[in-house]
Amino acid sequence: MHTDHLVSAPLFNRPVILCLSLLLYGMAVYNSKSAAAIRPSSGFMPEICHNGLDDDLDGLTDVFDEDCTCQDSIPPNLVPNGDFSQTTGCCANLQISNCLENWVMTGPSPDYVSDNCPNTDLRPDVRFLTNQFNTAFNDGYIFGIVGSANKRINTESVGVCLVEPLRPGRSYALTFDIANLRNDVPDAIFTIIGINRCEDLTNYSTISGNNFCDLGLPYHQLAAVNANTFNDGWNQLEFTLNPDEDIEAIFYASDCDHTTQNENFFMILDNISIREILEVPDKPEIEVTGLDCSVPLILSVTGQPGYRYQWYKDSVEIAGATNSLLLAHEITGPIDGIYHVLITNDDGNCRLSDALRVERPAKMTLIDQYICNGERFAFGDQLLEESGIYYDTLISATGCDSVLQLYLNVVPLPVDELAISICEGQTYSFGGQLLTQSGIYHDTLINPEECIEIIQLQLSVQPSSTAHQTISICTGDAYIFGGQPLTQAGNYLDTLISSSGCDSIISLSLEVTPLLMGDTINVSRPAGTSFLFHEVRYTESGLYEARLSAANGCDSIAFLSIIFYELQLYIPNAFSPNGDGVNDVFRPEGSMEALEQLVEMRIFNRWGDLLFQKEMSSGESPSWNGIHRGQAVADGVYIYYFLWKDPEGHFEKLTGEVTLIR
């Protein structure tokens with residue numbers, strides 16, 4: 001029996017221990033030494049791993065089913081219940097660990113500690129120390145004393161039968177987590193012992209005071225480590241095992257050869273694991289040539305002596321494809337798809353490659369084909385007689401697809417309808433005839449697709465037409481007729497082409513309406529006012545004319561004679577109502593005749609509020625003293641408004657600004 005001590009490193013929480021254990025074996029694989037290195041499940045409908053069928057109806061076939069995948073994950077632990085988490089209930093009392101599944105006591109009073117079974121009678125110092133090792137939920141571990149007394153082994157220990165024996169010629173990794181709880185004894189040897197027969201495990205018990213070392217019972221020391229080499233906290237230890245004979249059970253104890261004095265250390269133990277170390281093939285990497293269809297497709301992986309190969313396309317095994325090269329002629333059906341290769345070494349261990357998607361460019365050939373109604377066209381293995389788009393795929397010498405795309409047009413027996421108009425006296429050539437009469441005619445032709453085509457002609461003969469117009473224009477206007485501007489009254493003729501393309505004779509009677517002259521309107525207005533005459537406002541004296549539209553649509557002229565006379569009226573632009581007798585009121589000044597024509601006076605502030613209003617009787621001179629509602633208004637600018645009636649009885653508005661300064 002050979003052992004190698006590989007690692008002794010402190011770890012301070014159990015989740016980290018588990019992660020390191022997974023990392024350590026992540027590249028190893030487990031196999032049952034079967035030829036296929038694949039382990040199907042034993043369910044009601046197990047997946048058969050080499051028949052190309054989804055036997056267990058989970059949507060996955062063969063090695064792509066999780067029941068058949070290469071076991072390139074962590075090999076199974078051969079130590080049952082190695083993490084001490086499975087129990088048949090809580091132990092009878094603290095110093096008995098016989099409630100653990102699979103494990104038996106092989107030494108006096110080992111303690112089982114778990115949050116599932118709180119041990120209220122655990123010594124306070126022990127409970128305190130053990131709790132320091134639990135950063136999360138404690139699913140169970142063993143606490144005990146390992147050492148010797150009076151040169152005899154005195155270990156509180158447990159043992160277990162393995163899931164399957166350790167076999168000669170194979171290598172195994174033994175790992176466990178251990179801590180020196182109190183670190184108060186520097187020199188004690190902890191060992192893990194292996195024995196050949198599971199049924200002999202209880203013979204190695206030291207509960208009755210017997211010492212298997214003294215009894216000469218056969219054993220194999222699988223691992224040994226001195227407690228004074230432990231770091232604080234959890235230590236994960238690993239050993240490589242190369243058994244010379246079958247090992248069926250293990251237990252732990254103090255070293256038989258290290259009993260020269262009384263030595264003890266308080267130990268806690270967890271996560272015992274024995275896993276086979278396997279030689280796993282490297283994951284194959286598929287190389288590909290011929291993707292561009294320039295040469296036949298070849299998929300390949302690096303060949304190794306003693307390795308077996310199996311190629312898969314779209315998760316289905318390719319029959320006979322068992323070499324490191326996969327050639328195009330070995331592939332049934334279309335080349336495009338997803339490829340894998342499974343390699344297996346002499347030990348039966350296998351690895352599946354990553355998926356490789358093959359998509360080769362297909363050559364597209366377009367075909368336009370016409371056939372006559374009632375004919376059929378052979379395309380691939382079909383006889384086509386309906387219009388549509390059809391495809392056929394051929395395989396070239398390089399294994400690439402050549403796609404034929406057919407646009408098939410079935411030319412129906414057409415009846416083309418023509419509608420033709422001619423003028424009276426003209427002829428139309430159709431089917432070798434010169435037609436002059438309206439009617440429906442037929443002819444048969446061979447079209448460019450060499451199919452029969454029926455032409456139906458509907459011929460219309462349009463007679464010549466005449467029309468008469470009477471147009472009236474105003475003097476000075478012109479009327480365009482026959483491309484000429486006409487200004488004189490009279491009768492005219494022109495020949496036009498009608499909408500049917502035939503001659504149409506038009507006769508015109510042209511009338512010219514003379515210009516009407518209107519009366520003159522005489523108006524007088526005071527200077528500074530205005531007068532609106534036919535939408536134009538005049539402010540200066542003079543004679544004006546306005547062109548008006550009469551009821552017949554022609555112009556008439558009206559005249560305006562207007563005189564603007566000076567108004568003998570003065571309106572000041574400022575006054576000072578301060579009571580000094582000078583310019584104390586605002587009033588207009590002027591001739592008696594002008595003042596007598598004033599009708600009304602109003603004063604507004606800048607916001608449009610009315611402050612003063614006065615309607616005058618004949619001869620009255622209006623004025624404002626700057627008072628509003630009994631209060632003097634503030635200095636500022638105000639707006640005046642006078643309504644004035646001219647001698648002709650027309651009302652005029654006189655407005656402006658006046659400044660009040662006190």
Inset, instruction - Select from region 640-662 the residues that are open to solvent by 60 Å² or more (accessible area, probe 1.4 Å), without any contact (Cβ under 8 Å) to a residue 60 or more places away in the chain and among the hydrophobic types (A, V, I, L, M, F, W, C) and list them in ascending order. - result: Phe651
Inset, instruction - Could you list all residues from region 566-599 that are modelled with pLDDT of 90 or more and assigned to a strand (DSSP E or B)? - result: Ala574, Phe575, Phe586
Inset, instruction - Kindly indicate whether any position in region 412-432 is aliphatic (A, V, I, L, M), in a strand (DSSP E or B) and free of Cβ contacts under 8 Å to residues at least 12 places away in the same chain. - result: no
Inset, instruction - Answer yes or no as to whether Tyr309 is part of a strand (DSSP E or B), aromatic (Phe, Trp, Tyr), out of contact with any His (no Cβ under 8 Å at 6 or more places or on another chain) and open to solvent by 20 Å² or more (accessible area, probe 1.4 Å). - result: yes
Inset, instruction - Please verify whether region 417-425 includes one or more residues that are open to solvent by 70 Å² or more (accessible area, probe 1.4 Å) and farther than 29 Å from Asn373 by Cα. - result: yes
Inset, instruction - Answer yes or no: is there a residue in region 252-269 that is among the aromatic types (Phe, Trp, Tyr), open to solvent by less than 20 Å² (accessible area, probe 1.4 Å) and within 16 Å of Arg357 (Cβ to Cβ). - result: no
Legend entry - The one condition in (1) out of contact with any Asp or Glu (no Cβ under 6 Å at 6 or more places or on another chain); (2) open to solvent by less than 40 Å² (accessible area, probe 1.4 Å); (3) at pLDDT below 75 that Leu94 fails to fulfil: (1)
Inset, instruction - Pull up region 363-415, narrow it to residues that are modelled with pLDDT under 85, loosely packed, with under 12 Cβ neighbours inside 10 Å and small (Gly, Ala, Ser), then point me to the one that is farthest from Asp292 (Cα to Cα). - result: Gly374
Legend entry - So Tyr219, is it modelled with pLDDT under 95, out of contact with any Asp or Glu (no Cβ under 8 Å at 6 or more places or on another chain) and more than 20 Å from Phe84 (Cβ to Cβ): yes
Inset, instruction - Answer yes or no: is there a residue in region 560-575 that is without any contact (Cβ under 8 Å) to a residue 40 or more places away in the chain, open to solvent by less than 50 Å² (accessible area, probe 1.4 Å) and touching a Leu at 6+ places or on another chain (Cβ under 6 Å). - result: no
Legend entry - region 161-171: number of residues that are at pLDDT below 95 and either surrounded by 19 or more Cβ atoms within 10 Å (Cβ to Cβ) or over 18 Å from Val79 (Cβ atoms) (or both): 1
Inset, instruction - Please find, within region 312-321, the residue that is surrounded by the fewest Cβ atoms within 10 Å (Cβ to Cβ) out of those that are without any contact (Cβ under 8 Å) to a residue 24 or more places away in the chain and in contact with a Ser or Thr (Cβ under 9 Å, 6 or more places away or on another chain). - result: Ala319
Legend entry - Verdict on Thr539 being at pLDDT 80 or above, open to solvent by 70 Å² or more (accessible area, probe 1.4 Å) and of a type outside the set (A, V, I, L, M): yes
Inset, instruction - With respect to Ser541, determine if the residue is farther than 30 Å from Glu652 by Cβ and of a type in the set (Gly, Ala, Ser). - result: no
Inset, instruction - Return a yes/no flag: does region 345-360 have any residue that is open to solvent by 60 Å² or more (accessible area, probe 1.4 Å), touching a residue at least 24 places away in the same chain (Cβ under 8 Å) and more than 43 Å from the chain's Cα centre (by Cα). - result: yes
Inset, instruction - Determine if region 275-297 includes at least one residue that is over 30 Å from Pro165 (Cα atoms), in contact with an Asp or Glu (Cβ under 6 Å, 6 or more places away or on another chain) and surrounded by fewer than 21 Cβ atoms within 10 Å (Cβ to Cβ). - result: no
Inset, instruction - Could you grab me the full set of residues in region 433-451 that are surrounded by 12 or more Cβ atoms within 10 Å (Cβ to Cβ), assigned to a strand (DSSP E or B), touching a residue at least 12 places away in the same chain (Cβ under 8 Å) and not charged (D, E, K, R)? - result: Leu435, Tyr441
Legend entry - Evaluation of Thr302 against (1) open to solvent by less than 70 Å² (accessible area, probe 1.4 Å); (2) modelled with pLDDT of 85 or more; (3) among the hydroxyl-bearing types (Ser, Thr, Tyr) (one fails), failing number: (1)
Inset, instruction - Please specify each residue of region 467-494 satisfying the condition of being surrounded by 11 or more Cβ atoms within 10 Å (Cβ to Cβ), among the hydroxyl-bearing types (Ser, Thr, Tyr) and assigned to a strand (DSSP E or B). - result: Ser472, Tyr479, Tyr492
Legend entry - Selected residue [at pLDDT 85 or above and of a type outside the set (Lys, Arg)] from Gln462, Gln469: Gln469
Inset, instruction - With the condition kept exactly as written, say whether any residue in region 221-241 is part of a helix (DSSP H, G or I) and either open to solvent by 10 Å² or more (accessible area, probe 1.4 Å) or over 16 Å from Asp255 (Cα atoms) (or both). - result: yes
Inset, instruction - Would you be able to say whether some residue in region 329-342 is under 30 Å from Glu276 (Cβ atoms), modelled with pLDDT under 90 and surrounded by fewer than 17 Cβ atoms within 10 Å (Cβ to Cβ)? - result: no
Legend entry - Counted residues, region 545-565 - those being at pLDDT below 85 and assigned to a strand (DSSP E or B): 14
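The values are calculated or read from the model by the stated rules, or taken from the named source; none is laboratory data. Everything numeric here is computed off the predicted structure, so don't read it as measured data. Reconstructed Cβ throughout: ideal geometry from the backbone, glycine too, with neighbour counts over all protein chains shown. Just so you know, the surface numbers come from the protein's heavy atoms only, side chains and all, with ligands and any DNA or RNA stripped out. Shrake-Rupley method; radii C 1.70, N 1.55, O 1.52, S 1.80 Å.
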